[in-house]
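Colleague: One structure, as C-alpha cells, below. Some questions next.
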Amino acid sequence: MSVHFRKLALIGIGLIGSSIALAARRQGLVDTISIATRRPETLEEARELGLGDSYTLDAAEAVQGADLVILCAPVGAYEGIARAIAPALPSGAILSDVGSVKAHVVKVVGPHVPAGVSFVPGHPIAGTEHSGPSAGFPELFANRWCVLTPVEGTDPVQTEKLAAFWRAMGSKVETMDAAHHDMVLAITSHIPHLIAYNIVGTVADLETATKSEVIKFSASGFRDFTRIAASDPVMWRDIFLTNRDAVLEMLGRFSEDLSALQRHVRTGDGAALEAMFTRTRAIRRSIIDAGQETAAPDFGRPHDTPPEPEPVPLVREHGGGDDA
Ligand SMILES: NC(=O)C1=CN([C@@H]2O[C@H](COP(=O)(O)OP(=O)(O)OC[C@H]3O[C@@H](n4cnc5c(N)ncnc54)[C@H](O)[C@@H]3O)[C@@H](O)[C@H]2O)C=CC1
Ligand SMILES: O=C(O)C(=O)Cc1ccc(O)cc1
C-alpha cells in the first residue's frame, strides 16, 4: 500500500522526531512537516538542521491542518501536550506517538482525543543513547520493529495507513495490546537499562582510586553498559515512572534468577552455571538467526554507535500482525 500525508506534525524533535522527519522526507511520504517543541533553543536547532517546513513553540498551532500528528517528547509530557492540542486536531487525522511505554499513553492521551480523530499509539523499537535534534538519522528505523497498539474501536484503515508509513521508513510493523507491549518491553528494554544504570552507578560510587582502575581496564562488557547508561535521564525517568507495574513484575523474576545464580556461585555449582550460560547463548544465536542483530557491529552509523541489542522477536498473542 502506498502512503502519503499532506502535513505531518511532530511534537518534540529529538532523536526520534528528527529521524522521522528525515526518513519521511527521504521517502517522499509527506508534503510538509511542522515541528513544535518546548524550548526555543531546540526549535532553533531543528530550524538550522532544516528538519521541517514550519516551526513553532505552540503545539496546537503545529497540528492545525495536519493529517498525521506524532508525539515525540518524553512520555511524562504527553498529557499536557494532548490537552493543549486536542481542540486543534483536525477531524480525520491520525494521532500517534513513539513513546517507549504504551498503557500509560493510552490512559493519559486517550481521553483527550476528539471524535473523528484516530488514536494509534506506536513505538519504534529503534534508538541510540544520543538525544536532541542533531542525533537523528534517516536509517534509524530500517529493519527495526515498530509496534502499534491501537485502542478498541480504532478504524483499521487508519491503523493500516500508519503501519504503511512505518514500513515505508523501513520498519517491520506488528500490532498488539498496550499491556502486552509494556510487559515485553519491560524485560527486553527497560530492565536492561535499569541494570546498566545500576552497574555504572556502582562504579561511580567506588572510591576514586578503584574507579580510575575500572575505567582504565574496562572490558567491553562494562563499556556496553556505559553506553546504555548514557541514555537520556529524563526519558528514562519517565519510562520507569510510567511502566512501574510491568517493570516491578519482571524485576521480581529477575531478582529470583539472580539469587539462584548467587547461590550457584557461593556453592561452587559449576554444572548449574554452565547449564544456565548455555541456555543464554542459544538466545543470542536465535536473535542473530532471526536477522535482528548483526554478528559484527555496523560502525558505519552516525556516532560510531553499535546497533542496539534487539529484543527476541516479539511473540504474537494479540491482534493481526503484518510485518513486511
Ligand atoms: N531514545 C530512544 O532510543 C528511543 C526513544 N523513544 C521514545 O521517543 C520519545 C522521544 O525520545 P527521544 O527522541 O530519544 O528524546 P530526545 O530527548 O532526543 O527528544 C525529546 C524532545 O521532546 C521535546 N520536549 C520535551 N518536552 C516537551 C513538551 N512538553 N512539548 C514539546 N516538546 C517537548 C524536547 O525538547 C526534545 O526536543 C520518548 O517518549 C521515548 O520514550 C522510542 C524509541 C527509542
Ligand atoms: O540504545 C539502545 O540500546 C536502546 O535500547 C535504544 C532504545 C531505547 C528506548 C526504546 O524504547 C527503544 C530503543
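Colleague: Any residue at all in segment 140-147 that is under 16 Å from Met235 (Cβ atoms) and at pLDDT 95 or above?
Modeller: Step one: filter segment 140-147 for residues under 16 Å from Met235 (Cβ atoms), giving 140.
This time we only want the ones that are at pLDDT 95 or above, so: 140.
Yes, some residue in segment 140-147 is under 16 Å from Met235 (Cβ atoms) and at pLDDT 95 or above.
Colleague: Continuing with the same structure: Within segment 107-131, can you find the residues that are in contact (Cβ under 8 Å) with a residue 60 or more places away in the chain and either closer than 25 Å to Val3 by Cα or more than 16 Å from ligand 2 (Cβ to nearest atom) (or both)? Outline the logic, then answer.
Modeller: Of segment 107-131, the ones in contact (Cβ under 8 Å) with a residue 60 or more places away in the chain are 123-131.
Hits for segment 107-131 are His123, Pro124, Ile125, Ala126, Gly127.
Colleague: Let me ask you something else. All but one of (1) more than 18 Å from Trp236 (Cα to Cα); (2) open to solvent by 20 Å² or more (accessible area, probe 1.4 Å); (3) away from ligand 1 (no atom under 12 Å from the Cβ) hold for Ala103, so report the exception by its number.
Modeller: Of everything listed in (1) more than 18 Å from Trp236 (Cα to Cα); (2) open to solvent by 20 Å² or more (accessible area, probe 1.4 Å); (3) away from ligand 1 (no atom under 12 Å from the Cβ), Ala103 misses just condition (1).
For every residue, the table says whether it meets (1) free of Cβ contacts under 8 Å to residues at least 40 places away in the same chain; (2) more than 16 Å from ligand 1 (Cβ to nearest atom).
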site	(1), (2)
Lys211	yes, yes
Phe217	yes, yes
Ser220	yes, yes
Pro233	yes, no
Arg237	no, no
Val247	no, no
Gly252	yes, yes
Asp269	yes, yes
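Colleague: Take segment 134-147 and flag every residue that is open to solvent by 10 Å² or more (accessible area, probe 1.4 Å) and either within 10 Å of ligand 1 (Cβ to nearest atom) or not assigned by TED's automatic domain parsing to the domain that holds Ala46 (or both).
Modeller: Within segment 134-147, Ser134, Gly136, Arg144 meet the criteria.
Colleague: Of all residues in segment 252-279, count the ones that are of a type outside the set (Ser, Thr, Tyr), open to solvent by 50 Å² or more (accessible area, probe 1.4 Å) and within 25 Å of the chain's Cα centre (by Cα).
Modeller: In the first step, residues of segment 252-279 are kept if they are of a type outside the set (Ser, Thr, Tyr); the result is 252-254, 256-258, 260-266, 268-277, 279.
Imposing the further condition that a residue be open to solvent by 50 Å² or more (accessible area, probe 1.4 Å) reduces the set to 253-254, 256-258, 262-263, 265-266, 268-269, 271, 274-277, 279.
Adding the requirement that they be within 25 Å of the chain's Cα centre (by Cα) leaves 253-254.
Going through segment 252-279 one residue at a time, the tally reaches 2.
Colleague: Would you confirm whether any residue within segment 148-159 is assigned to a loop (DSSP other than H, G, I, E, B), surrounded by fewer than 20 Cβ atoms within 10 Å (Cβ to Cβ) and free of Cβ contacts under 8 Å to residues at least 24 places away in the same chain? Walk me through how you get there before you give the answer.
Modeller: The initial filter retains those residues of segment 148-159 that are assigned to a loop (DSSP other than H, G, I, E, B), namely 149-155.
With the extra rule that they be surrounded by fewer than 20 Cβ atoms within 10 Å (Cβ to Cβ), the set shrinks to 151-155.
Narrowing further to those that are free of Cβ contacts under 8 Å to residues at least 24 places away in the same chain: 152-153.
Yes, because at least one residue in segment 148-159 is assigned to a loop (DSSP other than H, G, I, E, B), surrounded by fewer than 20 Cβ atoms within 10 Å (Cβ to Cβ) and free of Cβ contacts under 8 Å to residues at least 24 places away in the same chain.
Colleague: Kindly indicate which of Ala115, Ala126, Ala164 is surrounded by fewer than 23 Cβ atoms within 10 Å (Cβ to Cβ) and either under 30 Å from Leu43 (Cα atoms) or under 16 Å from the mean Cα position of the chain (by Cα) (or both). Show your work before the answer.
Modeller: Values: Ala115 fails: either under 30 Å from Leu43 (Cα atoms) or under 16 Å from the mean Cα position of the chain (by Cα) (or both); Ala126 fails: surrounded by fewer than 23 Cβ atoms within 10 Å (Cβ to Cβ).
Answer to the check: Ala164.
Residue-wise test of (1) surrounded by fewer than 19 Cβ atoms within 10 Å (Cβ to Cβ); (2) touching a strand residue (DSSP E or B) at 6+ places or on another chain (Cβ under 8 Å).
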{"position": "Arg25", "(1), (2)": "yes, yes"}
{"position": "Leu29", "(1), (2)": "no, yes"}
{"position": "Ile35", "(1), (2)": "no, yes"}
{"position": "Pro40", "(1), (2)": "yes, no"}
{"position": "Ser54", "(1), (2)": "yes, yes"}
{"position": "Cys72", "(1), (2)": "no, yes"}
{"position": "Pro87", "(1), (2)": "yes, no"}
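Per-residue answers, yes or no, for (1) in contact with a helix residue (DSSP H, G or I) (Cβ under 7 Å, 6 or more places away or on another chain); (2) surrounded by 11 or more Cβ atoms within 10 Å (Cβ to Cβ):
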{"site": "Asn198", "(1), (2)": "no, yes"}
{"site": "Phe217", "(1), (2)": "no, no"}
{"site": "Asp238", "(1), (2)": "yes, yes"}
{"site": "Val247", "(1), (2)": "yes, yes"}
{"site": "Arg281", "(1), (2)": "no, no"}
{"site": "Ile287", "(1), (2)": "no, yes"}
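Colleague: Criterion first (under 21 Å from Glu160 (Cα atoms) and more than 14 Å from ligand 1 (Cβ to nearest atom)) does Leu71 satisfy it? Talk me through it step by step, then tell me what you get.
Modeller: On the way: under 21 Å from Glu160 (Cα atoms): yes; more than 14 Å from ligand 1 (Cβ to nearest atom): no.
It is false that Leu71 is under 21 Å from Glu160 (Cα atoms) and more than 14 Å from ligand 1 (Cβ to nearest atom).
The values are calculated or read from the model by the stated rules, or taken from the named source; none is laboratory data. All of these numbers come straight from a predicted model, not from anything done at the bench. Because the Cβ atoms are built from the backbone with ideal geometry, glycine has one as well, and the counts that use them run over all protein chains shown. Calculation scope for accessible area: heavy atoms of the full protein, side chains included, ligands and nucleic acids excluded. Shrake-Rupley method; radii C 1.70, N 1.55, O 1.52, S 1.80 Å.
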